[in-house]
Amino acid sequence: MIISASRRTDIPAYYSEWFFNRLNQGYALVRNPFNGRQFSKIDLRPENIDGIVFWSKNPIPMLNKLDRLDGLAYYFQFTLNPYGADIEPNLPEKERLIEAFKELSGKAGRQRVVWRYDPIIFNACYTPEFHMRAFRELALRLAPYTEKCTVSFLDDYLKIRSAIKNAGIYFPSDTLAEELICSFADSARHAGIYIDACAEMGNFEKYGVGAAACVDIGRFEKLGVKGLEYKKDKNQRPLCGCMKSVDIGAYNTCRSGCIYCYAGHLKNGCVLMETGAEMLGE
């Protein structure tokens, strides 16, 4: 079993103690996002975990706890974007996150840290030219600490339409998207890292940009996991290349407040039960 921790919230940033408590207890309760009265008990005993994928924009609170993952196969999907507090209001300063990226790579290993530049958004401030410069600069700085970068464009989720409209965000034409991917591919090659695209309709193979599998059987095999069988995750979007995993997070529990987020934010009265089995979302 592969554990996803988590597409629904930032467990390394806010709930790492809950996560390690759950590992110690050997299980977690996960609420069905479509039926709040239904729960699944997820077996988290080490012998039943083939691997763990952490998703985070800020793993700093977890950096001094990585030794508690010894014996487990894991890697991080670390989203590091060039946006300011207008888009990602509750994240640390960018330079601190870059240093955290380096520290995580140094402690866990370069193969355990995937850089995500995601989602790519456009408005009067974050122009195509801005992204070309920002990606090039970040790629050069992060290349010694990662093997690859996964990129994707903002998706049009109903629940974020008001927020992105207020921020003047627009969606790119196919031509603009292709021009940007071409530029990113050149920058990635120059920096010496591989680049792929997550669940994108465009065919970017001619630029050397493949289709991403963020929950990646190949990466786990590189980490020494044997006997995995690829089964597509039917709960994800049709273009998603991820293998099947079990997500143990909860929607509406993240505190980062990113305006583009589909998973929702922590609301008044919504708390995490740090010592309980369930992560409670509204």
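Just a few scattered comments:
- From the list His190, His131, the lone residue that is in a helix (DSSP H, G or I), in contact with a helix residue (DSSP H, G or I) (Cβ under 8 Å, 6 or more places away or on another chain) and loosely packed, with under 14 Cβ neighbours inside 10 Å is His190.
- Subset of the stretch 24-35 [among the small types (Gly, Ala, Ser) and assigned to a strand (DSSP E or B)]: Ala28
- Flag not set for Lys232, criterion: more than 21 Å from Trp115 (Cα to Cα), surrounded by fewer than 20 Cβ atoms within 10 Å (Cβ to Cβ) and either more than 20 Å from the chain's Cα centre (by Cα) or of a type in the set (Gly, Ala, Ser) (or both).
- When Tyr145 is tested against (1) more than 25 Å from Ile87 (Cα to Cα); (2) surrounded by fewer than 14 Cβ atoms within 10 Å (Cβ to Cβ); (3) hydroxyl-bearing (Ser, Thr, Tyr), just one condition goes unmet, and that condition is (2).
- Options Ala177, Ala139; residue that is in a helix (DSSP H, G or I), more than 20 Å from the chain's Cα centre (by Cα) and buried (at least 17 other Cβ atoms within 10 Å of the Cβ): Ala177
- Any hit, the stretch 259-277, residues being at pLDDT 95 or above and either within 19 Å of Tyr75 (Cα to Cα) or over 15 Å from the mean Cα position of the chain (by Cα) (or both): yes
- Screening the stretch 157-174 for residues that are part of a helix (DSSP H, G or I) and within 22 Å of the chain's Cα centre (by Cα) and picking the one that is nearest to Arg136 (Cα to Cα) gives Ile164.
- One residue alone among Arg96, Arg110, Arg45, Arg68 is basic (Lys, Arg), more than 27 Å from Val225 (Cβ to Cβ) and surrounded by fewer than 20 Cβ atoms within 10 Å (Cβ to Cβ), and that residue is Arg96.
- Some residue of the stretch 12-23 being within 23 Å of Glu99 (Cα to Cα), among the aromatic types (Phe, Trp, Tyr), in contact with a helix residue (DSSP H, G or I) (Cβ under 8 Å, 6 or more places away or on another chain) and part of a helix (DSSP H, G or I): yes
- Within the stretch 204-229, the set of residues being surrounded by fewer than 12 Cβ atoms within 10 Å (Cβ to Cβ) and either of a type in the set (Val, Ile, Thr) or assigned to a loop (DSSP other than H, G, I, E, B) (or both) comprises Gly224, Lys226, Gly227, Glu229.
- Pairs with Cβ under 7 Å, 6+ apart, first in the stretch 191-207 and farther than 13 Å from Trp115 by Cα, second at pLDDT below 95 and among the polar types (S, T, N, Q): none
The values are calculated or read from the model by the stated rules, or taken from the named source; none is laboratory data. Just so it is clear, the model here is predicted, and its values are computed rather than measured. Here the Cβ is made from the backbone with ideal geometry for all residues, glycine too, and neighbour counts use every protein chain on show.
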